[in-house]
1. What is the chain's relative contact order, in percent, from Cα pairs under 8 angstrom and six or more apart in sequence?
2. If you place +1 on the Cβ of every Lys and Arg and -1 on the Cβ of every Asp and Glu, how big does the dipole about the Cα centre of the chain come out, in debye to the nearest 20?
3. In the range 289-305, which residues have a backbone nitrogen under 18 Å from the label point lying 7 Å from E29's Cα in the Cα-to-Cβ direction?
4. Kindly write out, for the range 297-309 in residue order, the coupling ³J(HN,Hα) from the Karplus curve 6.51 cos²θ - 1.76 cosθ + 1.60 (θ = phi - 60°), rounded to whole Hz, with x marking Gly and Pro.
5. On full extension of the chain, what length is gained from K58 through K77, given 0.36 nm per residue of separation minus the C-alpha to C-alpha distance?
6. How large is the helix-only mean residue ellipticity at 222 nm for the chain, computed as the sum of -39500 (n - 2.57) over DSSP H runs with n ≥ 4, divided by its residue count, in deg cm²/dmol to the nearest 500?
7. What does the highest-first list of 101-113, 270-282, 248-260 look like by mean Cβ count within 10 Å?
8. Once label points are set 7 Å from the Cα along Cα→Cβ at both H188 and I104, what is their separation, rounded to one decimal in nm?
Amino acid sequence: MRQQIAVLGIKGSVLVLRNGKTLLNYATENTTDTSYLINSVQKSMTAAMVMHEVQAGKLSLHDRLDKFLPDVPGAKKVTIKHLLTMTAGLEIEPGAKLGSEYFITDEDNLQRDIAKTIFKPQMLGQWYYSSLNYVYLCAVMSKVTHKSYEQLFNQLYIKPLGLKQTAFLWANPEQLQASGLAMGMQYHRGQYVPIRRKQALRDAHNELGAGSIVMSNHDIVKTLHYILAGKLLSAKSRKQLYHSQPPYYYGGGFYNDDQLKLKTANGAGAGYYTFMRSTNDAQTMIIIQSNRTRHGQFDRLKPEIDALMWQLLDIKPSNENITG
């Protein structure tokens, strides 16, 4: 399998588990403890945080968004479950971007997003991928708990799990250095060029809960095991969270394949890739991260990493296999 991964041409860190045991743990260019911006893979962690509040009785999947954010267009019809499955019919108006050019506070970004949100009633219940859904989930959690998303993430994951190579991208330089963060780079005119930190920070703030955390492979494994097989959520809560619908079976931050009992998550942005494949019980998992990206490479790599996972589990691929 190491040879097959090498063929992909990914420069970064690789961790493969099979039946709960480490099969591969190595790095090219970086180290096995290097951390990377995980981008959209963070949504799986945010979703579990929401479900934790549901489990505690502070939220319901059937709560309407207007209970917490009444000014969001369509809030009287959109539920927490809609946001988790990206079926809320919400999107940012054409030509606009999430958040702001210059970060002030999470609340300021929230109000800017509300002003730019469009509700399409005909899309309610239909899947449409947008990080806006998870930005609103972060705001809902803050309303319910009276804590910031960053405080909640630290409280639920970083401290209890002892995550040493995990930090928010806007952490101070000492914290980022301690986390082992590698600089994100993108291929341009024959060489890899570092992404400007100012740009990366802006995007991280603008995609709160959906692309603002840096993590090493080992910390991702700890966190996902805690979510999928640990004590964070009950079996009932996990079943509710990951119940999803065709055509993409997206729910709780994962693309869920109930037939093969697999979960998929991918992240890309600011010069980083994160690819995660896991069985539902987190016993067999592939995590590949890189801080060297190329235009068009991300979409090409996703199905190739799917194929590695199927090989690991001795699954014959078919057109019905789910990917994200």
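1. Result for the chain is 26 percent.
2. Values: 37 positive and 26 negative charges, 70 e Å.
The dipole of the chain has a size of about 340 debye.
3. 289-302, 305
4. 6, 4, 5, 5, 6, 3, x, 5, 6, 4, 4, 5, 5
5. On the way: separation 19, 0.36 × 19 = 6.84 nm, distance 1.97 nm.
Once the chain is fully extended between K58 and K77, it gains 4.9 nm.
6. Values: 11 runs with 109 residues, N = 324.
Rounded to the nearest 500, it is -10000 deg cm²/dmol.
7. Numbers: 101-113: 15.0, 270-282: 23.5, 248-260: 20.3.
Most protected by this proxy first, the peptides run 270-282, 248-260, 101-113.
8. 3.0 nm
The values are calculated or read from the model by the stated rules, or taken from the named source; none is laboratory data. Keep in mind it's a predicted model, so treat the numbers as computed, not measured. For neighbour counting, all protein chains shown are included, and Cβ atoms are generated from backbone atoms with ideal geometry for every residue, glycine included. Heads up: the accessible areas ignore ligands, DNA and RNA and are worked out on the full protein's heavy atoms, side chains in. Shrake-Rupley method; radii C 1.70, N 1.55, O 1.52, S 1.80 Å.
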